[in-house]
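Enquirer: This structure is in structure tokens; I'll ask about it shortly.
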């Protein structure tokens, strides 16, 4: 684990005290650990929202639509370490990786993540079980929309693309496809373990380019599963917009951060007028519409 990630994690533990149960590291900086210029993505797992915040409104918003997302900078040596962290309760981590209809959490935590800190071994086991549940949920929701024979790569490329499309993601579509190549061995191993469970009745074939899987999906189940993903696509756009609007109240300089984030991934820049800066909610809606019209979101 990079030293600077431990430093950021320690600062979060100091900020939130005994409420912190665990810290997860994920995202683009995980795939480029030597990059000190990026913004690390962390999840702070807490025991209770109302134990975490002094402000009950923040706790209520976090419970209503998790996570609350915050930004932190830490001076270190001759640079500044930056991270964006979302706060989840342990209960929501459990639910979000196994019971949530939308892919927001199980789509992310089925990918490669690193456990930076846990309060004790019991919490560590709980979090690891949730990470395993995320992978199982992801594969269970993607397999029914696969037709015919498929490779592990094809399964994850389709699933990650679907998961990205179920949000207002500023990243280009090929970013979802490229995630597989970063940890192909990991995805191959966990996919084989899950697909060979009796639940899936999978036929496994060995070919020159690797393993090929075949799961017989009834046609009605296939169309029903596609229908469910279409609902996720619509639901995700609404939830993403609500989380963006909420972010304007949790981020310092939230408008600047979100525009910077979108410009970094899409190359599209929107100018913010002083009037929009004075009215965050109206500014958020106006900026979102301009970015959407410019093609910044998938």
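Enquirer: Taking the stated definitions as given, is residue 138 crowded, with 22+ Cβ neighbours inside 10 Å and either touching a strand residue (DSSP E or B) at 6+ places or on another chain (Cβ under 8 Å) or in the same structural domain as residue 108 (by TED's automatic domain parsing) (or both)?
Expert: Yes: the conditions hold for residue 138.
Enquirer: Next up: Out of the residues in segment 109-125 that are in a loop (DSSP other than H, G, I, E, B) and in contact (Cβ under 8 Å) with a residue 60 or more places away in the chain, which is surrounded by the most Cβ atoms within 10 Å (Cβ to Cβ)?
Expert: 111
Enquirer: Oh, and also: Taking the condition touching a helix residue (DSSP H, G or I) at 6+ places or on another chain (Cβ under 9 Å), part of a helix (DSSP H, G or I) and surrounded by 15 or more Cβ atoms within 10 Å (Cβ to Cβ), does residue 82 pass?
Expert: For residue 82, the condition - touching a helix residue (DSSP H, G or I) at 6+ places or on another chain (Cβ under 9 Å), part of a helix (DSSP H, G or I) and surrounded by 15 or more Cβ atoms within 10 Å (Cβ to Cβ) - is not met.
Enquirer: Hey, can you tell me all the residues within segment 16-29 that are modelled with pLDDT of 90 or more and in contact with a strand residue (DSSP E or B) (Cβ under 8 Å, 6 or more places away or on another chain)? Steps first, please.
Expert: Here is the first cut: in segment 16-29, the residues modelled with pLDDT of 90 or more are 16-26.
Residues satisfying the conditions are 16, 19, 20, 21, 22, 23, 24, 25, 26.
Enquirer: Here's something else I'd like to know. Looking at residue 103 and the list (1) under 24 Å from residue 17 (Cα atoms); (2) part of a loop (DSSP other than H, G, I, E, B), which single condition is not satisfied?
Expert: All conditions are met except number (1).
Enquirer: Those residues that are surrounded by fewer than 20 Cβ atoms within 10 Å (Cβ to Cβ) and within 21 Å of residue 75 (Cβ to Cβ), I need them from segment 23-46; list them, please.
Expert: 33, 34, 35, 36, 37, 38, 41
Enquirer: Still on this structure, please answer the following. Tell me whether segment 147-156 contains one or more residues that are surrounded by 19 or more Cβ atoms within 10 Å (Cβ to Cβ) and under 16 Å from the mean Cα position of the chain (by Cα).
Expert: Among the residues of segment 147-156, at least one is surrounded by 19 or more Cβ atoms within 10 Å (Cβ to Cβ) and under 16 Å from the mean Cα position of the chain (by Cα), which makes the answer yes.
Enquirer: Please go through (1) modelled with pLDDT of 95 or more; (2) more than 26 Å from the chain's Cα centre (by Cα) for residue 226 and return the number of the only condition it doesn't satisfy.
Expert: The failed condition is (2).
The values are calculated or read from the model by the stated rules, or taken from the named source; none is laboratory data. Just so you know, these numbers come straight off a predicted model, no measurement behind them. For neighbour counting, all protein chains shown are included, and Cβ atoms are generated from backbone atoms with ideal geometry for every residue, glycine included.
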